[in-house]
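A quick write-up on the structure given underneath.
Values quoted throughout were computed directly from the atomic coordinates according to the rules given, and no laboratory measurement underlies them. It should be emphasised that the depicted structure is a prediction, and the values quoted were computed from it without experimental measurement. Positions of Cβ are backbone-derived with ideal geometry, glycine not excepted, and every protein chain shown enters the neighbour counts.
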Amino acid sequence: MPELPEVETVLRTLEQRIAGLQIMDVQILYDKLIEGDPQEFCRILTGQTFRRFCRRGKYLLFGMDDVWFVSHLRMEGKYFIQRPEEPLIKHTHAVFTLSDGNTLRYHDVRKFGRMKLYPGDTDFTDFHGLGPEPFSEEFSTAYAVEQLQKRREPIKSVLLDQSFAAGIGNIYADEILAAAHILPMRRACDLEEYEIGRIVEQAGIVLKQAVEAGGTTIRSYTSSLGVTGLFQLQCLVHARKTCAVCGGEVRRIRLGGRSSYYCEHCQR
Ligand SMILES: [Zn+2]
């Protein structure tokens, strides 16, 4: 599942490739992809130009002439930019013909991704109950202290809660806690203020590093690979057998139905 850095990478890759291009035609091959009426979706988007590229949590927000085109990739959604003569493959669910002659194609094996149009004046601040963006000023230690003292579940579960912070998923929650030296199973309300400060600080650092690593992906983008935003991340603990910092054994437990990785030596 793509998390904040991957979605940001997809967004910036598409911005480089399609900013300023007009949509000449839209073909929807799987109706449930669209929230709302698929025919309306096609009618409204045809003739509109990709002008702004924004992100809220894991949602891609494309600012068109007078609407927002919002896309969520969910588990496995991918965009491809291909020549129109290239054959459609089985899981291509949407084809946007662009004014430069290329097509933007949306591909989704699991079919969980969704697209929806919103009015041009939509305020995405409170979008789907999402909490503050981890890079924003609102995501401060004061905010986190106030939120976490009310929460009795493990800190890892709170980091995954999109209403606490937008865009953090399983991989980065493990990595943020490893970098902050905090064990994932500790109850959020038991954390000291200085520990919460470290989590907030490391959330910014870890996600920023991942976004920068994604920058390499943008430069090496080829249309045959699709715009997935996935890249080789140097993890400290996630999905590792040994800790990248101390070399000690990494432990794996289930927390809230998700695998959690941590190092007993580095995390308290
Ligand atoms: Zn370690």
Low-density loop cleavage sites - GluC sites (Glu not before Pro) in the range 18-118, where at most 12 other Cβ are within 10 Å (DSSP) | Glu85
Rounded to the nearest 500, what is the chain's calculated 222 nm mean residue ellipticity when only DSSP H runs of at least 4 contribute -39500 (n - 2.57) each, over all residues?
-> -8500 deg cm²/dmol
Identify the residues of the range 140-173 with backbone N under 13 Å of a label point that sits 7 angstrom from the Cα of Ser259 along the Cα-to-Cβ direction, or state none.
-> 170-171
Cα-Cα longer than 26 Å, checked against Lys156/Lys208; Lys111/Lys150; Lys32/Lys78; Lys32/Lys156; Lys58/Lys208; Lys90/Lys208, kept in input order, equals Lys111/Lys150; Lys32/Lys156; Lys90/Lys208
Rounded to the nearest 10 degrees, the helix 170-179 long axis (Cα) sits at an angle to the longest Cα principal axis of the chain of 40 degrees
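Grab the eigenvalues of the alpha-carbon gyration tensor for the range 141-263, scale each by 5, take roots, and send me the semi-axes largest first in whole angstrom. Don't jump to the answer; show the numbers that get you there.
Values: eigenvalues 138, 59, 35 Å².
Calculated on Cα positions only, the semi-axes equal 26, 17, 13 Å.
Given Cα pairs under 8 Å that are at least 6 residues apart, what percent is the relative contact order of the range 4-118?
On the way: 229 pairs, mean separation 34.5, N = 115.
That works out to 30 percent.
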With Cα atoms, 0 to 90° folded angle of helix 4-18 axis to the chain main axis | 20 degrees
Taking 1 over the mean of 1/r across every pair of different Cα atoms in the chain, what Kirkwood radius in Å do you get?
-> 19.7 Å
In nm, spacing of pseudo-spin labels at Glu146 and Asp66 (7 Å Cα→C-beta vector) | 3.9 nm
Compute the semi-axes of the equivalent ellipsoid of the range 4-118, taking the square root of 5 times each eigenvalue of the Cα gyration tensor, and list them largest first in whole Å.
-> 17, 17, 15
Between the range 241-268 and the range 143-171, what's the alpha-carbon centroid distance in Å?
-> 19 Å
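If contacts are Cα pairs under 8 angstrom and at least 6 residues apart, what is the relative contact order of the chain in percent? Mind dumping the intermediate values first?
Details: 522 pairs, mean separation 54.1, N = 268.
In percent, rounded to a whole number, it is 20.
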